Amino acid sequence: MLTLVIALLSGVVVAFAGNLLFPEAFGLDWGIALGILGFFLASLPINLIVRKRQERIFQNVQGMIEQSQGALRRKVNRMQNKVMGSTKGIQKQLEKQQTAAIREALEALHQADALKKWNILAEKQTNTLRAQLCYQIKDFEKADVYFKSAMEVDPLTVAMKMTRLYKQGDMEGVSKLFNKRKKRFKGENGAIIYALYSWILVKEKDLEKAVEVLDEGKDKTENEVLKANWEHLVNGRVRNFSNAGLGDYWYTLHLETPKAVRVKQRMGKRMR
């Protein structure tokens, strides 16, 4: 990493300069202090520049996605006012367009690749975003690769990794990741983690463990979906278990799809 090399050289230069300028007063303590000073004088501005550059790239990518989503929402509204019947066909068309937009955003992320030689965290942060975007368009093979070096700093990334482990049949990995990261997220932020793990446990017929997870989750997050699911399971209403109340946050994991909506065409009055 170039930043570390430059910072170390800067520390040596500053310490050496101090020795030349003040040879009589110079000692080990002064040498260490000046070395540390030189290290931070070089590393802090470089890291700041790298971070600002990365933020601009990420903001650009996010802007591309938001612009695309806004255009898709407007298109949905127009199509729903014209189409009668199931919106399944519309949904497929919109998903295709969204996939194209996200692939374009992934291409734009290549601009961040040059930053990894300056900051070791830059690559991890970029791969975290890449993993989420690949997951979103169901390019799971690439998402799995990026998840290996992604940062588990947000609940959605953790939930996506848990889902991939579950799909690969690694229940031990799912449990380890859940127990490792559940303490990181406070309040509502942790709801998706508890909701996902309990959903997996229900699918695996481990209802006792699912009740235990929901009991902990509902108290820590105060999430109404977790509370309702806990009540369903303790009262034997397994069929009523549902994470649909989490909305898009849940459906982003691609474990379930929202029910199709039927749209009625508005018929105007004929004018004679």
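With Gly173, Gly187, Gly169 as the choices, which residue is within 17 Å of Leu214 (Cα to Cα) and of a type outside the set (Val, Ile, Thr)? Step through it out loud before you land on a result.
Details: Gly173 fails: within 17 Å of Leu214 (Cα to Cα); Gly169 fails: within 17 Å of Leu214 (Cα to Cα).
It is Gly187.
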Test set (1) surrounded by 15 or more Cβ atoms within 10 Å (Cβ to Cβ); (2) at pLDDT 70 or above - Gln67 fails condition number: (1)
Subset of region 141-189 [of a type in the set (Lys, Arg), open to solvent by 40 Å² or more (accessible area, probe 1.4 Å) and not in a helix (DSSP H, G or I)]: Lys148, Lys183, Arg184, Lys186
Unmet criterion (only one of (1) among the small types (Gly, Ala, Ser); (2) farther than 27 Å from Ile120 by Cβ; (3) touching a Ser or Thr at 6+ places or on another chain (Cβ under 9 Å)) for Ala159: (2)
Selected residue (criterion: surrounded by the fewest Cβ atoms within 10 Å (Cβ to Cβ)) from residues of region 190-213 that are within 19 Å of the chain's Cα centre (by Cα) and among the β-branched types (Val, Ile, Thr): Ile193
Among (1) aliphatic (A, V, I, L, M); (2) at pLDDT 75 or above; (3) over 23 Å from Met160 (Cα atoms), the one test that Ala122 misses: (3)
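Of all residues being basic (Lys, Arg) and without any contact (Cβ under 8 Å) to a residue 60 or more places away in the chain in region 110-135, which is least open to solvent (accessible area, probe 1.4 Å)? Just the residue, please.
Initial filter on region 110-135 (basic (Lys, Arg)): 116-117, 124, 130.
Those still in the list that are without any contact (Cβ under 8 Å) to a residue 60 or more places away in the chain too: 116, 124, 130.
Details: Lys116: 103, Lys124: 81, Arg130: 18 Å².
Among residues in region 110-135 that are basic (Lys, Arg) and without any contact (Cβ under 8 Å) to a residue 60 or more places away in the chain, the one least open to solvent (accessible area, probe 1.4 Å) is Arg130.
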Any hit, region 236-243, residues being modelled with pLDDT of 95 or more, within 27 Å of Phe140 (Cβ to Cβ) and within 20 Å of the chain's Cα centre (by Cα): yes
Pair list, Cβ < 7 Å and 6+ apart or interchain, from region 158-182 residues that are at pLDDT below 95 to residues that are assigned to a loop (DSSP other than H, G, I, E, B): Arg181/Glu152
Lys138 being closer than 23 Å to Glu256 by Cα, open to solvent by 20 Å² or more (accessible area, probe 1.4 Å) and not in a helix (DSSP H, G or I): yes
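The values are calculated or read from the model by the stated rules, or taken from the named source; none is laboratory data. Note that this is a predicted model, so its numbers are computed, not measured. All Cβ positions, glycine included, derive from the backbone under ideal geometry; neighbour counts span all protein chains shown. Surface accessibility is based on the protein's heavy atoms, side chains included, excluding ligands, DNA and RNA. Shrake-Rupley method; radii C 1.70, N 1.55, O 1.52, S 1.80 Å.
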